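Report on one structure; see the data block that follows.
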Amino acid sequence: MEQERLIWDLQALAQEEYELLKKDGLKPMVVRLKQLQESIKRAEEESSTLVNLLAEAEAKAAKLDREVARMTKQAKGSKDKLYQAKGGSLKELLSLQQSVVKMEEEITNSENRYMDVLNEIDNLKAKQKQVKEIIKSLKKEYNEGVKEYKKTVSQIDVRLAELKLKREEIEEQLCPETLRLYTETEKRFPRNAVAKIKRGTCSGCHISIPSVLVLRIKEGKALQRCDNCGRILINIP
Ligand SMILES: [Zn+2]
């Protein structure tokens, strides 16, 4: 009975160890960390695209600014010429006046375009700020996830070490035959080498056990195996 209880406990340890080694609890964490890495990568790509767009827009704004200054200077020159014109023909004056009007229109157009580009720059800067915030919060979440992952891994390692110790403790209490039988059977059934008798059947393979064998098991003199599957049969509730 004592030996039966011990190998039953040994099996419980083997089952817990198996579950821990599967590391099921870590899988969702790994998935989440990968998703976060992807999101960070995408956000950083977006950020560098924005840097380029901003540089382009700023170059465009500087160019328009120079253009407006140049055209204003040119228009001023033409206006001076128009006001100071003496002795020119009416035709010449009209043509000069027309060119001044045209230049002023062009200046207004360029100024409007310049304002549009400035607006675009403001929008890009706002977007850039937003993306930076997103990257910051994603990185924070990622780092916390990594910390949590490492913590869980070390908890698993600690528990595995505990299980190993417990296993050794139990093995020390087993008589050599029982240990040999268990170790041998465990090779075939790593997680359920031991079965109970449930209403005359083996809890491992669910095949009924001959009554002679049930009797021998209940006597408890030596451990018996199931004739059908080969698991060790024990008689404990
Ligand atoms: Zn069986």
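Being closer than 30 Å to Lys136 by Cβ and acidic (Asp, Glu) is a description that applies to Glu46. Residues considered: Gly145, Gly220. Of these, the only one that is at positive phi, away from the ligand (no atom under 16 Å from the Cβ) and either crowded, with 17+ Cβ neighbours inside 10 Å or in contact (Cβ under 8 Å) with a residue 60 or more places away in the chain (or both) is Gly220. Number of residues in region 198-235 that are assigned to a helix (DSSP H, G or I) and of a type in the set (A, V, I, L, M) equals 5. Does any residue of region 147-159 turn out to be among the β-branched types (Val, Ile, Thr), modelled with pLDDT of 95 or more and touching an Asp or Glu at 6+ places or on another chain (Cβ under 6 Å)? Taking every residue of region 147-159 in turn, none turns out to be among the β-branched types (Val, Ile, Thr), modelled with pLDDT of 95 or more and touching an Asp or Glu at 6+ places or on another chain (Cβ under 6 Å).
Considering (1) surrounded by 12 or more Cβ atoms within 10 Å (Cβ to Cβ); (2) more than 46 Å from the chain's Cα centre (by Cα), the lone condition that Leu90 does not fulfil carries the number (1).
Rundown of residues vs (1) in a helix (DSSP H, G or I); (2) of a type in the set (A, V, I, L, M, F, W, C); (3) surrounded by fewer than 14 Cβ atoms within 10 Å (Cβ to Cβ), yes/no style:
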site: Asp157; (1), (2), (3): yes, no, yes
site: Arg180; (1), (2), (3): yes, no, yes
site: Thr183; (1), (2), (3): yes, no, yes
site: Lys196; (1), (2), (3): no, no, no
site: Pro237; (1), (2), (3): no, no, yes
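I want to confirm something. Restricting to region 62-87 and keeping residues that are of a type in the set (A, V, I, L, M, F, W, C) and farther than 16 Å from Met115 by Cα, which single residue is surrounded by the fewest Cβ atoms within 10 Å (Cβ to Cβ)? Residue satisfying both the conditions and the ranking: Ala85. From the list Ala55, Ala43, Ala59, Ala14, the one residue that fits, being assigned by TED's automatic domain parsing to the domain that holds Asp157 and surrounded by 12 or more Cβ atoms within 10 Å (Cβ to Cβ), is Ala43. Given the criteria over 30 Å from Glu169 (Cα atoms), hydrophobic (A, V, I, L, M, F, W, C) and assigned to a helix (DSSP H, G or I), does Ala57 qualify? So Ala57 passes the test.
Which of the residues belonging to region 203-217 are free of Cβ contacts under 8 Å to residues at least 12 places away in the same chain, within 12 Å of the ligand (Cβ to nearest atom) and not hydroxyl-bearing (Ser, Thr, Tyr)? Selection gives His206 alone.
The values are calculated or read from the model by the stated rules, or taken from the named source; none is laboratory data. None of these values were measured; they are calculated from a predicted model. All Cβ positions, glycine included, derive from the backbone under ideal geometry; neighbour counts span all protein chains shown.
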